[in-house]
Structure formats: C-alpha cells, structure tokens
1. For the range 288-435, what is the accessible area per residue in Å², given a 1.4 Å probe and the full set of protein chains?
2. Which percent, to the nearest 5, of DSSP beta bridges fully inside the chain are antiparallel?
3. Taking only the alpha carbons of the chain, what extent do you get along each of the three principal axes, in Å, biggest first?
4. Quick one: what Rg and Dmax do you get for the range 134-254 from the alpha carbons, in Å?
5. For helix 454-464, report the angle its Cα long axis makes with the longest principal axis of the Cα atoms of the chain; keep it between 0 and 90° and round to the nearest 10°.
6. Please express the Cα-Cα pair-distance distribution P(r) of the range 281-351 as a list of whole percents, one per 5 Å bin, running from 0 to the bin with the greatest distance.
7. Mind jotting down the distance between the C-alpha centroids of the range 429-501 and the range 123-164, whole Å?
8. Take the alpha carbon atoms of the range 449-542, find their radius of gyration, then divide it by 2.2 N^0.38 Å using N residues; give the quotient.
Amino acid sequence: MKYLTILAMAICCYACQPSQPSITFDVSIDTKLNESAKDGRLLLLLSTDDSAEPRFQINDGPNTQIVYGQNVEGMSSDQSVSFDGLQFGYPVQSLDDLKPGEYWVQALLHTYETFNLSSGHTVKLPMDNGEGQQWNRSPGNLYSTPIKVTIEEGTSQNFAIVMDQVIPPIDEPADTEWIKHIKIKSDLLSEFWGRDMYLGAHVLLPKGFEEHPEANYPLMIFHGHYPSDFGGFRTTPPDPTLEPDYSARFNVSGYNIIQQQEAYNQYLQWISDNFPRFIIIEIQHPTPYYDDSYAVNSASQGPYGDAITYELIPHIEEQFRGIGEGWARFLYGGSTGGWEALAVQVMYPEEYNGCFAACPDPIDFRAYCLVDLYEYDNAYYYESEHKQVPIPAHRDYLGAVNSYMEDSNHKELALGDKSRSGQQFDIWEATYSPQGEDGYPVRIWDKKTGKINKEVAEYWKENYDLRYILERDWDELGPKLQGKINIYCGDMDNYYLNNAVYLMEEFLEGTTDPYYDGEVDYGDRAEHCWNGDQENGNHISRLRYNTMYVDKILKRIEESAPKGADLTSWRYKE
C-alpha cells in the first residue's frame, strides 16, 4: 500500500507540472501566387548567418544551418502546415531542442510529380526543371522571403511563414559557332517512367567542321554532374573588368580569372593546327532522383545506360558525323563522372575504346568511402563494445575530419525520405538498389541508425561493385577491356575514394590472360578530385579534362583501330 501511495503522489505531481514550452511554425502559400494544390517535400530552414538565404546554407560541414522536412500532399493556399517537435531535422533533430536566440527563417516547397512506372508502381518525385536537381533553386518550387525571429527560452511560441515566391524558369543555352545543344525523346526511358523523358547534350564541334564535310570524327564523352552548358571553353580572353575572387577550396586568389584564362587556353588549343579533330560531348541526363543517372541501367531509375549508349550517342554521331564505332569512342570524367566512365566501359566493353576515370565514386564496396558494406553492421559507427566511434565522411589533405557519415545521411533524411533528397548517398541508393514494393529504392541501411541491410548489399555487389564484377567476369571481360582502363586518384581524397582505388589496383595488377594493360596513378597529398596531372594542382588540372588525355587517346587509337579504320579524314590541320 505504501508503494501505491508514493506512485499516486508521483502521478499527481507529474500531472500538475506545467507543459514543456514548444516552438511551432505554421507554413502557408500566399494566395496571390494562384498556385494549384501541390505534392512535395516541405522544408523549414533556420539560420543564424544572414550572409545568404537559409536555403543556400545547408551542407555537411561545421557551418551548416538547420533544416526540418515533411511530406505534403495537395497543399494549397487555403491551408497551413505545422512544424513542431515531431519532424526530423538536421543537425538539430527536433525543434524542441532548438537553442534560444535570433534566427532567419525560411520555408520552401520542393514540388513532386506523379509517375506511373512500367513496373506498375506509382511514385511521387521531383522532376528536373533545367537546374540539375537542386532543391533550393529548382524552377517551380515555392519559397518564402526570409524573416527574422527570436526564440525565447522557456516560452511557447508560434510563427507564421508564408511562401510568397516562385523560383522562375531557366533559359536554355543558345547555340554558338562551336557549341551546339541537342535534346531527344528517349523511347526507352519514356516507357519506363510512363511519360515523355528526354536526354540532352552539349556538343563541342572541331575546327573545320563545316569546311570538311568529308571528315568523320572520334567522340569524346566527358561524364560528370549536370552541365548547364558546355564548360571550360571561351573564345575571348578573360574579362579585364572582372574583380578577382577568392577560392576557399583551393586557397587561391583570383580563381575566377584563372578559370576564364584556362577556358580561353582550351579554345586556342582546340583551333591550333596540331590539335586532333574530335567531337566532345557533355551529357544532360538528370533523373527524378539526382542531377544525373550514373549512366547505367537501374531498377528504380530505368535504362539510362542503354538510352545513352544506344539512343543518344548514335543520334549525335549521325547528326555531327561521328565515326560511330566503338574503337572511336572514349570516356572520361571525375568523381561521379569518374565512376560513370569506368562503369560504362565495363558494362559496354566493346562500345567504347578506353576510359580515364578520375577520383571515381566507390568502385569497390568494401571501401564504400570508409564503410565495408559486406563486413560492417553499421554505416555510422565502428563496432565497439564500450564506446561509439563515428565513421568519418570528409577530411582535408592533412586528414582533419569535418563531417561524419551520420551527418551526411541525416541531412539527406531531412531533405527527403525514400531516397528523394537529391543528394549523394541517396543517388547511390537509387542507382544500385533493387526496387521496393512501394516503387522506391530499398534502403542499403536504416537512414536514422545506420544499420546495414545485408541482402541489399549483396544485390549491390552482384550488379554494381565494379571491382567484384571485373574479378567475377574477367575471363569474358578481360579480352574486351585490355588497355582500356585508366584510373587516377589523390591519396588524400576528401571522401576516402582512394581506398577503393587501392583495392581495384590490387586486382588489376594481378590479372592474367590478359593483363589489364592500363594505368592506375595517385597524386601525393592530393585531394578530391585529382585526375592524373603530376605537375599542376587540382585547381588547374580540373579545368583541363578535355585536353589532358589527348595524347593517350591518340596512342590508343593507333594501337587498337581495326584494319581499314578511318584514321585520316579527321586529322586535317587547316
């Protein structure tokens, strides 16, 4: 009876306690926008830094600001949506834990569209609108003008946020004498997505293209993130009125002027008498999950590999007089583009004649950054009986860590569930994972806790672990890939991508019948994204992709072109 009395008193005292103060935000759409009801991801953004809008200040590093997210369906101007302590946030997981102080607050609705997939699933995803899947600047997204609020300690407060702005459309780039822009409807992708889907490309034409109608050209594919236009090519010297800026990434002053000079230098090389005449393309292949498709077929994104290789590239070669044969096609790129260059070469071994893969995304999932997907149980913490040791995600060239795996993934979870954040780990998931019963990619790990799904890891291994695939299928692939694989990476890559390159090199150097006969090279203390230049820093070599592999490509053509191949029509000088 004594215990019952104490329990009753405790319950009574608890019930008498005042409720915890709460912070809430009610988000609505301004009626003046005349917007129809929308589905999407509603984001609440808070910042203590007034140097930029909060929507431009969400990142993995120490200077990130705060974001909370929730899904909405049919949100219209006659309703408001509330944020309280229940919505997941990053880096402060709950509004209840927000520190008192002054904040700039902004709301943004990242709009979704409905796709009826050929698999029978219906999914809601953000369509790219010409920006390359950037949630904070995608045309059609709604957002509010930032307002300043004061969060007071120990006080319940409610704030009204009205989305009164719409991100405007982006103009498509115009054709020039040198650069042409194409866009084609892909039958393969349209069938998969249940609506018209398109692929695009920026095409750099060689000098003398119009004057030499008899010439047919090799094709260089520069893979990478979504290009708004063909980059690094400028027909005039640097703007003399340009104010020098500072690149914090490279610790270089006047980097904007350096970029313009390098772009002009590329033009001068391009038109010089001794430079070989090629066609270079940069591909636009954003998906509803990311700014590009990773250029391979996948369960949740569809047959982008086939669409690019068998629809887009033949179309370009026909329109611009490409040679149109595998021996005359080459792949290169860095980071995402590095993985794509290698993956496309491996998966379409006879359609291309060589890849130059710089700082590639993980090419061996035993080193998925610092996570071994096959041996580890958790992607956020190393195994330990008595302490939590977080797994790093990003470092500088001296090894100083500024973000962890949990940080990157929790940021993504706040920005979008079901692999819909448009960020790095989610696109790997959207590309590599099987499709779930709901039509979305199956998680490789629990996004909150980091617990790895071993069945999904096995699927990844069999279908997208490039080192494993090469080793498993070398008897078949080896003869088709001999001399075609070249990989470059800094040994202090910021994302630890060099670890997977070491494992790939170990396999390649052990190959026989045939020996792979390519190249793997490393940059000493070089960060992401070192691409093979042992003489210049990253800030220079990253601007020279379109010229730095030319000698190696010419050598490869000389050694491998079939008998009777056209080796002369494109080697004119004037």
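The values are calculated or read from the model by the stated rules, or taken from the named source; none is laboratory data. The shown structure was predicted, so the numbers you read here are calculated from the model rather than taken from an experiment. All Cβ positions, glycine included, derive from the backbone under ideal geometry; neighbour counts span all protein chains shown. SASA here: full protein model, heavy atoms, side chains in, ligands and nucleic acids out. Shrake-Rupley method; radii C 1.70, N 1.55, O 1.52, S 1.80 Å.
1. With the other protein chains kept in place, the range 288-435 gives 28 Å² per residue.
2. 70
3. For the chain, the Cα extents along the three principal axes come out at 99, 56, 51 Å.
4. 23.0, 79
5. So the helix axis and the longest Cα principal axis differ by about 20 degrees.
6. 4, 15, 27, 28, 17, 7, 1
7. Using only Cα atoms, the two centres lie 34 Å from each other.
8. 1.25
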